[in-house]
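Asker: Right, I'll just put the structure down here and ask away after.
The values are calculated or read from the model by the stated rules, or taken from the named source; none is laboratory data. Everything numeric in this text was worked out from a predicted model, so none of it was measured. Here Cβ is always computed from backbone atoms with ideal geometry, including for glycine, and neighbour counts include all displayed protein chains. Only protein heavy atoms, including side chains, enter the accessible area calculation; ligands, DNA and RNA are left aside. Shrake-Rupley method; radii C 1.70, N 1.55, O 1.52, S 1.80 Å.
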Amino acid sequence: MIGELAIAAAIAALVSLIVCRVQIATRRGPLDLPDEARKAHTAPTPTSGGIGIAIGYTLAVLWLGYFGHSVGLIRHVAALVWLASAFAFSFLVIGFVDDTRPLGPRIKFLMFTLLSLGGAVTMGVVDALPLGNGEEVRLGLSLGLFGTALWIFVLVNCVNFLDGANGLAMGSVTIGLLAIAAIAYDEALPSAAAMTLCCAGALIGFLVWNFPGGRIFAGDSGALFAGAVAALASLIIVARTDVSPFVPPILFMPLLADALLTLAWRVKRRRSLLVGHNEHFYQVAMRAGWSHRRVTIVYWAAMAACGVLGFWLSRLHDSQTPWIALTALAGLWLAISIIVRRYARTHGLS
């Protein structure tokens with residue numbers, strides 16, 4: 001099985017690389033103009049990388065379905081994979097339309113909410129939070145559905161929020177997807193492993209042109225698609241194994257912490273959440289003189305550390321360690337946030 005999954009990931013990477021290269025050469029599709037102070041690039045750049053990512057992902061999954069005999073995708077998990085992919089592609093379409101002709105924040109909020117609810121119902125509602133030693137907090141169907149949909153909604157948007165430095169968001173999601181794939185393989189879930197490895201391969205093909213030179217951007221389409229695949233695949237694992245629901249947030253903690261703590265900081269200062277800004281941790285770092293490359297590598301290192309920790313925690317069934325680790329990580333990132341904000345204020349970078 002691992003050989004066929006590796007071939008599928010390679011197909012996704014190659015197709016994505018070629019399609020993105022064609023998009024760079026032809027410059028067809030939406031362009032991201034450097035027309036706002038919060039944007040880090042200085043020249044119009046193709047922002048249709050999400051299309052290359054999606055095409056690479058699709059052809060790789062199709063190859064697995066028809067030629068991956070040991071994976072048995074068509075016979076056993078095709079419906080689940082394509083259903084999850086349908087939700088991910090819906091996010092991609094919204095993102096592509098928004099890249100071409102910006103949608104209002106309220107209509108996007110409504111569409112994201114409906115898709116998140118649909119994804120939660122079909123992938124599996126998390127209605128209990130295990131605390132270890134046989135104890136758990138029962139959420140019930142309504143609260144569980146809300147929390148599960150919120151996970152999809154939050155991760156998809158966090159990936160999109162952090163897509164502002166070459167390779168940062170897409171490379172970070174790639175690392176998170178590889179961690180989910182490792183957990184899925186360890187738990188004998190070919191559906192989640194197939195989705196995540198095909199998406200990770202497609203993202204790697206895109207990153208060849210995006211990092212560090214920024215010759216093409218993923219756009220909202222690519223960021224929303226990648227975030228949706230990650231959120232939905234993690235739900236497949238949690239709903240069908242004994243892996244703690246506290247593990248997926250650990251895998252993506254660097255992205256979640258930056259986005260959510262920045263939003264909380266803006267709320268505290270009565271600043272609008274519907275207006276673009278440049279107050280994320282990585283943006284403060286770049287104003288302090290850090291290059292795209294340096295910022296991105298730091299985030300990748302943090303994601304890799306969280307991936308290793310999350311994989312280890314996924315094997316500790318019926319343990320209290322996952323929720324304790326998540327709490328500790330949240331406290332660590334809160335401390336980092338306080339340090340970053342103080343540094344920005346004292347050095348005139350706010």
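Asker: Need pairs with beta-carbon distance below 8 Å; first residue closer than 23 Å to PRO46 by Cβ and within the range 166-180, second among the acidic types (Asp, Glu); sequence gap 6+ or separate chains.
Answerer: Matching pairs, first to second residue: ALA169/ASP163; MET170/ASP163.
Asker: Next question. Under 7 Å between Cβ atoms, which residue pairs at least 6 apart in sequence (or on different chains) link something in the range 325-350 that is free of Cβ contacts under 8 Å to residues at least 40 places away in the same chain and farther than 21 Å from GLY132 by Cβ with a partner that is part of a helix (DSSP H, G or I) and open to solvent by less than 40 Å² (accessible area, probe 1.4 Å)?
Answerer: Filtered contacts from the range 325-350: no entries.
Condition check ((1) open to solvent by 20 Å² or more (accessible area, probe 1.4 Å); (2) among the charged types (D, E, K, R); (3) out of contact with any His (no Cβ under 6 Å at 6 or more places or on another chain); (4) under 14 Å from GLY164 (Cβ atoms)) across all residues:
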residue: PHE246; (1), (2), (3), (4): yes, no, yes, no
residue: TRP265; (1), (2), (3), (4): yes, no, yes, no
residue: VAL284; (1), (2), (3), (4): no, no, yes, yes
residue: MET303; (1), (2), (3), (4): no, no, yes, no
residue: GLY310; (1), (2), (3), (4): no, no, yes, no
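Asker: Checking SER319 against (1) open to solvent by less than 60 Å² (accessible area, probe 1.4 Å); (2) in a helix (DSSP H, G or I); (3) touching a residue at least 60 places away in the same chain (Cβ under 8 Å), which test does it fail?
Answerer: (2)
Asker: Next question, about the same structure. Consider VAL137 carefully, then state whether it is of a type in the set (A, V, I, L, M), within 19 Å of ARG240 (Cα to Cα) and in a strand (DSSP E or B). Talk me through it step by step, then tell me what you get.
Answerer: Numbers: of a type in the set (A, V, I, L, M): yes; within 19 Å of ARG240 (Cα to Cα): yes; in a strand (DSSP E or B): yes.
Answer is yes for this residue.
Asker: Is one or more of the residues making up the range 171-180 of a type in the set (Gly, Ala, Ser), surrounded by fewer than 23 Cβ atoms within 10 Å (Cβ to Cβ), in a helix (DSSP H, G or I) and at pLDDT 95 or above?
Answerer: Taking the range 171-180 as the starting set, the residues that turn out to be of a type in the set (Gly, Ala, Ser) are 171-172, 176, 179.
Those still in the list that are surrounded by fewer than 23 Cβ atoms within 10 Å (Cβ to Cβ) too: 171.
From what's left, in a helix (DSSP H, G or I): 171.
Within this subset, residues satisfying the condition of being at pLDDT 95 or above are 171.
Yes.
Asker: Okay, next question. Which residue pairs have Cβ atoms closer than 7 Å, lie 6 or more positions apart in sequence or on different chains, and pair a first residue in the range 78-106 that is over 18 Å from PRO190 (Cα atoms) and in a helix (DSSP H, G or I) with a second residue that is at pLDDT 90 or above and of a type in the set (Lys, Arg)?
Answerer: ILE94/LYS108; ASP98/LYS108
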